[in-house]
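**Q** Below are the structure tokens for one structure; questions will follow.
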Amino acid sequence: MLPLAEHPLRRRLNAELHSRPPIAIPGPTWISYLAVTHAGASAADEQAHLARLCGALGTEFCPVADSEHWMLEAGPLRLKWERHTEFSGYAFFRRRIAGDAADTTALAAFPAEWVRGIPGEVIAASHIEFCAAAQNPPEEVLEGIARSGAPAIATRVAEGAAWVVSDFELHDGFSHFTIIDEHLRHRQAGRTVQRILEIETYCMMALLAFPVAKDTARFIGERERELAELMEEMRVAGTPEDERRLLARLTRLAAEVEQSVTRTAYRFGAAAAYYRLVQQRVEDLRERRLAGFPPIREFMERRLAPAMATCQSIDARQNDLSTRIARKSALLRTRVDIELERQNQELLAQMNRRARLQLRLQETVEGLSVVAITYYGSQLVQYLAKGAQKSFAPTLSPEIAAAVAIPLIAGLVALGIRRMRRALTAEENAV
């Protein structure tokens, strides 16, 4: 054991490097393969179903905890289970024995009731006949195909160590491959079979995006026409109300397109990833072209590549539409904002005019207040003078006293109001 603390994911990550190894194929073998989408089935459901198979075959079920691949060996039968992100693969192997009919399959050797109960929905299904060149000479196979005139793909793989023949058509729900072994090593044979099965499966998984692309293309066409109409209306819009109405429609259109982008982003991204895997597996086959027959690479380039190009084009077109809508929404929003700013400026100008009017009115009121306070103050002085005249100053004239007090009172009142205004102004500036 290491004397240092080990990262909790180290062993799991190291095991991932060695996961899903190919099965060694020592000789002629019948192989069947099913790829089923999960359709709500969990890994626990699939492992429970595998346990039922072990019970039917009389073997022990020993799954590895948190593992997504498992192997079963029961005499001449073998089963390899792998769980991927979107689908699970079941590869069935049965050793070929003398006397097997030409239509023998590995799947037929497993309990039919158990096969029908596999959780999920089939997305790919294949039968492979793996045979030796001595038993099934490749030249005779190719000559028979040429005489029949049936379309077929034939190629030499593993740098000429084996032959692969197929038509990629479905017969009773299965595609059929014939792999003729010339001098493959056991592990090399397993890798070749695995690559053929992965090409078939990843091709179908990539094509899941094609119907989505066709539906999305119709949706994009409708939204592009609507956007063009909105742009024409925006060009002739004459009032702020028209622009606000157009902005509301553009916002709704942007929401619809973004919803479509969110709905299709995973499918288009997965299709691109699966297509890269198909290309990599075809490259790994190391094909050699046979005269008169298209290889697997050419078949994929002619049949799968256009569909993937369509998906990529629709994805780019959809993202471009989203960008254009966002750009035009920003332009229209700018126009609306400019109009709102203009209205706000007019409103502020009106408020300034009202404030100036209120200031003038206030100054007028202040002047009247000085007059009123002076008047009442002079009256108080006159009353005081009358009292003083009767009490101790008979020569004092109340009218003269009031007249003399008027300018003094007016000056004091005006000075007091001015000081109050200055104090309020200083307080306002401080805030």
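**Q** Test A254 against the criterion of being surrounded by fewer than 14 Cβ atoms within 10 Å (Cβ to Cβ), over 30 Å from E143 (Cβ atoms) and either more than 28 Å from the chain's Cα centre (by Cα) or outside the structural domain of T85 (by TED's automatic domain parsing) (or both), and give yes or no. Please lay out each step first, then the result.
**A** Working: surrounded by fewer than 14 Cβ atoms within 10 Å (Cβ to Cβ): no; over 30 Å from E143 (Cβ atoms): yes; either more than 28 Å from the chain's Cα centre (by Cα) or outside the structural domain of T85 (by TED's automatic domain parsing) (or both): yes.
So A254 fails the test.
**Q** Can you confirm whether L230 is in contact (Cβ under 8 Å) with a residue 60 or more places away in the chain, farther than 29 Å from Y90 by Cβ and buried (at least 17 other Cβ atoms within 10 Å of the Cβ)?
**A** Numbers: in contact (Cβ under 8 Å) with a residue 60 or more places away in the chain: yes; farther than 29 Å from Y90 by Cβ: yes; buried (at least 17 other Cβ atoms within 10 Å of the Cβ): yes.
In short, yes.
One line per residue, one yes/no per condition, for (1) surrounded by fewer than 14 Cβ atoms within 10 Å (Cβ to Cβ); (2) β-branched (V, I, T); (3) modelled with pLDDT of 90 or more:
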| position | (1), (2), (3) |
| --- | --- |
| A150 | yes, no, no |
| A154 | no, no, yes |
| G160 | yes, no, yes |
| F168 | no, no, yes |
| D181 | no, no, yes |
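**Q** Exactly one condition in (1) assigned to a loop (DSSP other than H, G, I, E, B); (2) touching a strand residue (DSSP E or B) at 6+ places or on another chain (Cβ under 8 Å); (3) over 12 Å from I118 (Cα atoms) is not met by Y33; state its number.
**A** Of (1) assigned to a loop (DSSP other than H, G, I, E, B); (2) touching a strand residue (DSSP E or B) at 6+ places or on another chain (Cβ under 8 Å); (3) over 12 Å from I118 (Cα atoms), only one is false for Y33: (1).
Condition check ((1) touching a residue at least 60 places away in the same chain (Cβ under 8 Å); (2) closer than 30 Å to T264 by Cα; (3) among the acidic types (D, E); (4) crowded, with 16+ Cβ neighbours inside 10 Å) across all residues:
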residue: R185; (1), (2), (3), (4): no, no, no, no
residue: R191; (1), (2), (3), (4): yes, no, no, yes
residue: R195; (1), (2), (3), (4): yes, yes, no, yes
residue: T201; (1), (2), (3), (4): yes, yes, no, yes
residue: F210; (1), (2), (3), (4): yes, yes, no, yes
residue: D215; (1), (2), (3), (4): no, yes, yes, no
residue: A237; (1), (2), (3), (4): no, no, no, yes
residue: L246; (1), (2), (3), (4): yes, yes, no, yes
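**Q** Picking from A305, A248, which residue would you name as being assigned to a helix (DSSP H, G or I), at pLDDT 95 or above and outside the structural domain of H176 (by TED's automatic domain parsing)? Can you show your working first?
**A** Values: A248 fails: at pLDDT 95 or above.
Only one candidate passes the filter, namely A305.
**Q** To continue, here is another question. Show me the strands (runs of 3 or more DSSP E) entirely contained within segment 70-162 in which 1 or more residues are of a type in the set (D, E).
**A** Values: elements: 77-83, 87-95, 121-132, 153-157.
Correct list: 77-83, 121-132.
The values are calculated or read from the model by the stated rules, or taken from the named source; none is laboratory data. Quantities reported herein were computed from a predicted structural model and do not represent experimental measurements. Using ideal geometry, Cβ is built from the backbone for each residue, glycine included, and neighbour counts are taken over all protein chains shown.
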